[in-house]
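**Student:** Can you keep this structure in mind? I'll have questions shortly.
The values are calculated or read from the model by the stated rules, or taken from the named source; none is laboratory data. Being a predicted model, the structure only gives us computed values, none of them experimental. Don't worry about glycine lacking a Cβ; one is built from the backbone with ideal geometry, like all the others, and counts go over all protein chains shown.
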Amino acid sequence: MERTGRAEAAEPEGGAARNIRGVRPPDRPAARAVTRRTGRPPTLIASVQRALRLLEAVGEQQRGATAKQLARTAGLPLGTTYHLLRTLAHEGYLRRLDGKFYFGAAVDAIGRAEDRHAWQDGLRQRMALLGEELGAAVYYAVYQDGEVRVVDVATGPARPAVAEWADFRATAHAHAIGLCLLSQLGEEGRRDHLARHPPQDLTPATLTDRAALLRRLAAVEPTRPVLERQEYQLGTVCAAVPITVGAAVATMALSLPVAEAARLPAAAERLRGLVGAMTPSFVR
């Protein structure tokens, strides 16, 4: 960025709000909202605004653009443009190839983050629908870097989530989420996990014998729900169904109070059917 020794404030919006080439800056609803709320325009940093105008100018060019083209598009002096382009390239937001500037890896990372947030928002919406349909708390989890990771949970006033009183990562042997994920691993992966997280006795129903656990996991059919009754927590029953898309190891699960245990098998089959119809959208 340009170094001026002080923060540069942009001119107020309105008839006098022009950039240095006399071109009215882009309409900014957020800035107008601040002005309406406070009665005065927001304090802005002009050099940052200029850099953003350059990024917007690059985005308008599918085949890259030279510094002169970008200066003209953004309405900036060529000298200022060179300084800003050099800074943006140094920080990874732009890259220069054959005299033209293109978006760099840092901009791509922002785009991926935006896609990730959009995917997470969509996931939450689908999980909320599943929870309402099933009348249960719903969980989405993955096996990542050798550990169980619960990505999101959908609950409601009448369908609270299971309290994580014992670390889910260390107790995969005792809950439906972990059992379903471990069943999707190979024999070596299962043994490795149980070696790193030895089975703990959590309730009278918890299976802790390692050999018996391995037999149980090996017997799980690839597309069938895994049921668990009070093995992780007394008073709760759970079911999990595998999500099998490519190399992803993931599961969608539900939990019910033990008073509703009689409907667990039917709820698990319903979850299986609903997840099967939505499967591609659950994997990034």
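**Student:** May I ask you to say which residue of ALA218, ALA248, ALA267 is over 19 Å from ALA170 (Cα atoms), in contact with a Leu (Cβ under 6 Å, 6 or more places away or on another chain) and in contact (Cβ under 8 Å) with a residue 24 or more places away in the chain?
**Tutor:** Result of the check over ALA218, ALA248, ALA267: ALA267.
**Student:** Which of the following residues is free of Cβ contacts under 8 Å to residues at least 40 places away in the same chain and closer than 20 Å to ARG270 by Cα: ARG124, ARG72?
**Tutor:** ARG124
**Student:** Same structure, new question: Need pairs with beta-carbon distance below 7 Å; first residue free of Cβ contacts under 8 Å to residues at least 12 places away in the same chain and assigned by TED's automatic domain parsing to the domain that holds GLU56 and within the stretch 89-109, second part of a loop (DSSP other than H, G, I, E, B) and surrounded by 12 or more Cβ atoms within 10 Å (Cβ to Cβ); sequence gap 6+ or separate chains.
**Tutor:** That search, which allows pairs on different chains as well, returns ARG95/GLY104.
**Student:** Now for a separate question. Scanning for something under 31 Å from the mean Cα position of the chain (by Cα) and assigned to a strand (DSSP E or B), does the stretch 273-281 turn up at least one residue?
**Tutor:** No; the residues of the stretch 273-281 include none that is under 31 Å from the mean Cα position of the chain (by Cα) and assigned to a strand (DSSP E or B).
**Student:** Given the criteria farther than 20 Å from GLY235 by Cα, acidic (Asp, Glu) and either free of Cβ contacts under 8 Å to residues at least 12 places away in the same chain or touching a strand residue (DSSP E or B) at 6+ places or on another chain (Cβ under 9 Å) (or both), does ASP145 qualify?
**Tutor:** yes
**Student:** Of everything in the stretch 221-245, what is more than 23 Å from GLY189 (Cα to Cα) and in contact (Cβ under 8 Å) with a residue 40 or more places away in the chain? Give them in sequence order.
**Tutor:** Hits for the stretch 221-245 are GLN233, THR236, CYS238.
**Student:** Suppose the filter is at pLDDT below 95 and of a type outside the set (A, V, I, L, M, F, W, C); does GLY276 pass it?
**Tutor:** yes
**Student:** Something else now. Restricting to the stretch 237-267, what's the tally of residues that are touching a helix residue (DSSP H, G or I) at 6+ places or on another chain (Cβ under 9 Å) and not in a strand (DSSP E or B)?
**Tutor:** So the answer is 6.
**Student:** Out of the strands (runs of 3 or more DSSP E) lying entirely within the stretch 132-236, which hold 2 or more residues that are surrounded by 13 or more Cβ atoms within 10 Å (Cβ to Cβ), at pLDDT 95 or above and under 23 Å from the mean Cα position of the chain (by Cα)?
**Tutor:** Strands (runs of 3 or more DSSP E) meeting the threshold: 137-144, 147-154.
**Student:** Further, regarding this structure: Among the listed residues LEU76, LEU54, LEU70, LEU85, identify the single one that is crowded, with 16+ Cβ neighbours inside 10 Å, assigned to a loop (DSSP other than H, G, I, E, B), over 19 Å from the mean Cα position of the chain (by Cα) and outside the structural domain of LEU264 (by TED's automatic domain parsing).
**Tutor:** Only one candidate qualifies: LEU76.
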